[in-house]
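This report refers to the structure that appears directly beneath it.
Please treat every number below as a calculation from the coordinates, not as lab data. Bear in mind the structure is a predicted one, so any value in this text is a computation, not a measurement. Ideal geometry is used to build each Cβ from the backbone, glycine not excepted, and the neighbour counts take in all protein chains shown.
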Amino acid sequence: MPVAAPVLRPAQTGGGSSVPVHVAIIMDGNGRWAAARGLPRVAGHRAGAEAVTRTLRAAARRGVGYLTLYAFSSENWRRTPEEVTDLTSLLRYYLRHKVAELHRENVRIRFIGDLERFGRDLVDELRRAEHLTAANTGLTLQLALSYGGRGELALAARRLAEAVARGDLCADQIDEEALSGCLLTAGVPDPDVIVRTSGEHRLSNFLLWQGAYAELVFTDVLWPDFDEAQFEVVLRIYAGRERRFGARPGG
Ligand code: IPE
Ligand code: IPE
Ligand code: MG
């Protein structure tokens, strides 16, 4: 079965040059990429990890400040135990083999999600990677693991309720800024663009609050085939969009 050809057409692209500060990507299509080659799903996830490295380089080279990658959703725990084990093993491998290199490249690493579900050992490794790279000043890589936007919003509500119960906050002080500050992404600007690969047109519980005004870019390219050229296409599409934020056109 042939692999889907890129469908991002030049007609959709604009001539502007503004580079987004924050690019977020729903990395989808690993399983279909593997199936198209008669390979097990894990082969697709491995190839997807290589696409992460390529995309990270491309983003850093173009001066993108923040790259958020959706690697495992809170709903992905519904996959078979074998696939969950394959994905966590791959994550562990990636951490062990790539973190030092990312650190040398001045990348700051953050993880968002219900990380505790991965178990103490892995959480310790994630925290070590965050700690090691915390003072880096290059691109911030935010990896979403066991992440779900609704769960994150419920967590923020709990945090606010606790602050009110302690007497640190009045209920009428709860505004958009207060809620944003209680999210896992606190301190990180909202994504300018959310990309989803593999031809699916949904958010699947990704950055529900933060993505309120993100430009959405969908491509049929399967995640393991995503590369620098695809990243450039995304940047061109973004540069060609007019962002209004509710104001009148051109206003
Ligand atoms: C994305 O690829 C990776 C994860 C969600 C972990 P999929 O595994 O969802 O691949 P498809 O959608 O089955 O092709
Ligand atoms: C979304 O992809 C989550 C990630 C890419 C990590 P899924 O493949 O899990 O999403 P659905 O199930 O098709 O919505
Ligand atoms: Mg999928």
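Among the residues in the stretch 24-41, are any part of a strand (DSSP E or B), closer than 22 Å to Leu95 by Cβ and more than 14 Å from ligand 3 (Cβ to nearest atom)?
Yes: one or more hits.
Condition first: within 15 Å of ligand 3 (Cβ to nearest atom) and in contact with a Lys or Arg (Cβ under 8 Å, 6 or more places away or on another chain). Now tell me which residues in the stretch 44-72 satisfy that.
As a first pass, look at the stretch 44-72 and keep what is within 15 Å of ligand 3 (Cβ to nearest atom): 44-45, 47-48, 51, 69-72.
Scanning the stretch 44-72 gives a single hit, Gly44.
Note on the stretch 202-251: residues that are under 13 Å from Asp192 (Cβ atoms), of a type in the set (A, V, I, L, M), out of contact with any Gly (no Cβ under 6 Å at 6 or more places or on another chain) and not in a loop (DSSP other than H, G, I, E, B) total 5. Being more than 16 Å from ligand 2 (Cβ to nearest atom) and among the small types (Gly, Ala, Ser) is the filter; apply it to the stretch 90-128 and report the residue that is nearest to Gly63 (Cα to Cα). Taking the candidates together, the pick is Ala100. Scan the stretch 18-33 and tell me whether some residue there is among the polar types (S, T, N, Q), away from ligand 2 (no atom under 16 Å from the Cβ) and touching a helix residue (DSSP H, G or I) at 6+ places or on another chain (Cβ under 7 Å). The answer is yes, given that some residue of the stretch 18-33 is among the polar types (S, T, N, Q), away from ligand 2 (no atom under 16 Å from the Cβ) and touching a helix residue (DSSP H, G or I) at 6+ places or on another chain (Cβ under 7 Å).
Please go through the stretch 191-220 and pick out each residue that is of a type in the set (D, E, K, R) and either closer than 14 Å to Val23 by Cα or touching a Phe, Trp or Tyr at 6+ places or on another chain (Cβ under 9 Å) (or both). Matches in the stretch 191-220: Asp192, Arg196, Glu200, Glu215.
Restricting the stretch 46-88 to residues that are within 13 Å of ligand 1 (Cβ to nearest atom) and in a loop (DSSP other than H, G, I, E, B) leaves a set whose member that is farthest from Val233 (Cα to Cα) is Thr80. Scan the stretch 61-87 for residues that are away from ligand 2 (no atom under 13 Å from the Cβ) and either touching a residue at least 24 places away in the same chain (Cβ under 8 Å) or over 18 Å from Ser146 (Cβ atoms) (or both) and the total you get is 8. Of the residues making up the stretch 147-201, those that are surrounded by 13 or more Cβ atoms within 10 Å (Cβ to Cβ), basic (Lys, Arg), farther than 15 Å from Ile26 by Cβ and within 20 Å of the chain's Cα centre (by Cα) number 0.
When Ala135 is tested against (1) in a helix (DSSP H, G or I); (2) more than 25 Å from Arg78 (Cα to Cα); (3) not aromatic (Phe, Trp, Tyr), exactly one condition is not met: (1). Number of residues in the stretch 92-121 that are within 18 Å of the chain's Cα centre (by Cα) and either of a type in the set (Ser, Thr, Tyr) or closer than 17 Å to Ile25 by Cα (or both): the value is 6.
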